[in-house]
Amino acid sequence: MTSVATLQPDPAPIVACTVSRDVQNFEILIDDMESELGEAWGDLSFDDAAIFLDQPDSATLEFIAVAVDAADEGDLSRISAVIRAAKARRVRVILVASEISPMALHQLMRLGADDFVPYPLPEGALHDAVERIRKPEPTAATPVPVAPEAAPVEDGAGPAPSFKAKGDRQGVLLPVHGMAGGTGSSTFATNLAWELATVAKTGGPRVCLLDLDFQYGSIATYLDLPRKEAIFEVLTDPGAQDSDSLLKSLQTYNDKLYVFTAPADMLPLDIISGEDLGRLIDLLLANFDFVVIDMPSTVVSWTEAVLTRSHVYFGLLDLDLRSAQNILRFVRALKAEALPFEKLRYVLNRAPRFTDLSAKSRVKRMAESLDIDIEVQLPDGGAQVTQANDHGLPLAESAAKNPLRKELQKLAKSLYDLNKAAASARS
């Protein structure tokens with residue numbers, strides 16, 4: 001006769017554990033772990049994790065999710081020991097961080113954390129991280145000898161700038177800020193930077209394009225460039241950067257445009273302070289004629305550092321209510337902090353055609369109600385814009401006769417001529 005005991009199913013093996021000081025401080029993480037793994041996960045304190053990883057039961061672990069917040073920064077040695085123990089047993093580590101300093105985050109990532117997600121967790125972020133760490137690691141290829149004089153280049157990476165940092169320039173800073181999601185600010189920044197870099201056939205300006213959207217930046221995609229590991233080093237240890245090391249983190253697109261991409265992993269927007277970012281921007285302005293920045297749509301602690309250094313701060317908007325409301329909020333916030341809101345120059349993307357009189361009257365009413373001047377109106381580039389972005393090409397390279405490209409070319413020429421005239425006046 002079969003005993004009752006044999007009818008009980010064996011408990012599912014534990015394939016993951018959260019490791020934290022108190023998991024109740026991370027309620028969203030609990031919900032996401034249950035959604036992802038059902039009952040096949042457990043929870044451990046930092047002390048218990050170090051003991052459990054030495055037990056045979058830990059052999060079924062795929063990963064641990066180490067959750068830390070600002071209160072844990074004084075106890076990094078204990079957390080570091082857990083990460084080291086996990087890596088020694090080939091257990092993957094996902095770091096879940098809430099409001100910890102950039103230096104603490106840098107230290108934990110350097111210990112070998114395989115992935116990072118910010119807390120509160122964005123929707124689907126834990127699932128994506130688990131999918132990434134479950135991918136099989138690439139088989140190591142036979143190393144190819146590198147000539148002593150040649151610097152190793154990451155696969156697919158554009159060459160680093162070949163010029164030496166001399167600090168002999170007085171660059172113009174042109175940030176681009178989308179007033180709402182989907183306004184086309186990254187497309188605008190990418191193509192404006194390329195038009196500036198190619199505005200003159202010979203002796204043109206030296207142009208740098210920075211992607212400061214550390215979480216969803218798409219400049220690397222739009223120019224088909226890899227996201228170099230050096231970007232993470234710059235953002236997590238900005239104090240160690242000088243002009244030469246900062247230039248080495250850049251990539252060259254078609255030997256004319258110098259690009260600082262977003263990092264490979266999603267990082268908190270406040271990973272760098274305003275003071276440190278301002279110093280990095282100053283180094284770039286001393287070595288480039290134009291520095292174009294693709295800003296996140298979110299206002300962060302270092303937005304002030306960018307705004308105060310900018311010569312023109314482009315605000316991209318659509319002809320809709322959300323853009324109008326966000327402009328009001330943005331200007332109100334700048335005025336409250338006594339920041340130079342007058343540097344804002346508004347650019348209407350997907351502007352109505354000349355023959356669409358009713359839509360053009362809406363543009364006029366929108367500007368009057370917001371008490372702003374919409375100085376640039378860009379036509380809708382249509383499907384060619386999406387195709388160019390998906391193929392990693394500027395519009396000038398894939399659809400030179402596109403109406404949007406022609407307007408951006410005119411804008412770049414006017415900016416170049418103004419800067420040239422100002423330089424002549426200074427000399």
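Please treat every number below as a calculation from the coordinates, not as lab data. Please read all numbers here as calculations on a predicted model, not as lab measurements. Cβ coordinates were reconstructed from backbone atoms using ideal geometry, including for glycine residues, and neighbour counts include every protein chain displayed.
Per residue, the convex hull spanned by the Cα atoms of the range 332-391 measures out at 115 cubic angstrom.
Remark: relative contact order (the range 13-134) = 26 percent; criterion is Cα-Cα distance under 8 angstrom and separation of 6 or more residues.
With n ≥ 4 as the cut-off for DSSP H runs, can you work out [θ] at 222 nm for the chain, using -39500 (n - 2.57) per run divided by the number of residues, rounded to the nearest 500? Can you show the working numbers first?
Numbers: 17 runs with 170 residues, N = 427.
Value at 222 nm, helices only, nearest 500: -11500 deg cm²/dmol.
Rounded to the nearest 20, the size of the Cβ-charge dipole of the chain about its Cα centre is 2520 debye, with Lys and Arg at +1 and Asp and Glu at -1.
Order these by the 10 Å Cβ neighbour count, fewest first: T261, T221, T298.
On the way: T261 25, T221 17, T298 10.
Ascending Cβ contact count within 10 Å gives the list T298, T221, T261.
Under a model in which nothing but the beta-carbon of Lys, Arg (+1) and Asp, Glu (-1) is charged, the range 13-134 shows a dipole of about 780 debye around its Cα centre.
Could you grab the relative contact order for the range 172-426? Cα pairs under 8 Å, six or more apart, rounded to a whole percent. Don't skip to the end; give the middle numbers.
Working: 426 pairs, mean separation 70.8, N = 255.
In percent, rounded to a whole number, it is 28.
Greater than 20 Å separation of Cα atoms is the criterion. Which listed pairs, K364/K413; K335/K360; K166/K248; K201/K248, meet it? Check vs 20 Å cut-off fails for K364/K413; K335/K360; K201/K248. With neighbours defined as other Cβ atoms within 10 Å of a residue's Cβ, the residues L334, L269 order from fewest to most as L269, L334.
Here the Karplus curve 6.51 cos²θ - 1.76 cosθ + 1.60, taken at θ = phi - 60°, turns the phi angles of the range 90-95 into couplings of 6, 9, 6, 10, 10, 9 Hz, with x standing for Gly and Pro.
Just the ratio, please: alpha-carbon radius of gyration of the range 13-134 over 2.2 N^0.38 Å, N its number of residues. Walk me through the intermediate numbers first.
On the way: Rg = 12.9 Å, N = 122, 2.2 N^0.38 = 13.7 Å.
The range 13-134 yields a ratio of 0.94.
Extension gain, A40-A338: 0.36 nm per intervening residue step, less the Cα-Cα distance, totals 102.0 nm.
Ordering A88, Y313, G181 by the projection of their Cα atoms onto the charge dipole of the chain, which places +1 on the Cβ of Lys and Arg and -1 on the Cβ of Asp and Glu, puts Y313 at the extreme positive end.
For the chain, modelled as a GNM whose springs connect Cα atoms under 10 angstrom apart, the maximal fluctuation among D371, D265, D289 occurs at D371.
Amide H to amide H, with H built 1.01 Å from N, R345 comes under 5 Å of Y313, F314, G315, counting only residues 5 or more places away or on other chains.
Here the Karplus relation 6.51 cos²θ - 1.76 cosθ + 1.60, evaluated at θ = phi - 60°, turns the backbone of the range 57-66 into coupling constants of 4, 6, 5, 8, 5, 8, 7, 10, 9, 8 Hz, with x for every Gly and Pro.
Each residue of the range 35-40 was assigned a 3J(HN,Hα) from its phi angle through the Karplus expression (A = 6.51, B = -1.76, C = 1.60, θ = phi - 60°), giving 5, 7, 10, x, 9, 8 Hz with x at Gly and Pro. With the simple spin-label model, which puts each label point 7 Å out from Cα in the Cβ direction, the S358 to D22 separation comes to 5.9 nm.
Compute the separation of the alpha-carbon centres of the range 366-427 and the range 275-319 and state it in Å as a whole number. Spelled out, the Cα-based centre of one part sits 18 Å from the other. Charge tally for Q377 (other residues, Cβ to Cβ under 10 Å; Lys, Arg +1; Asp, Glu -1): 0.
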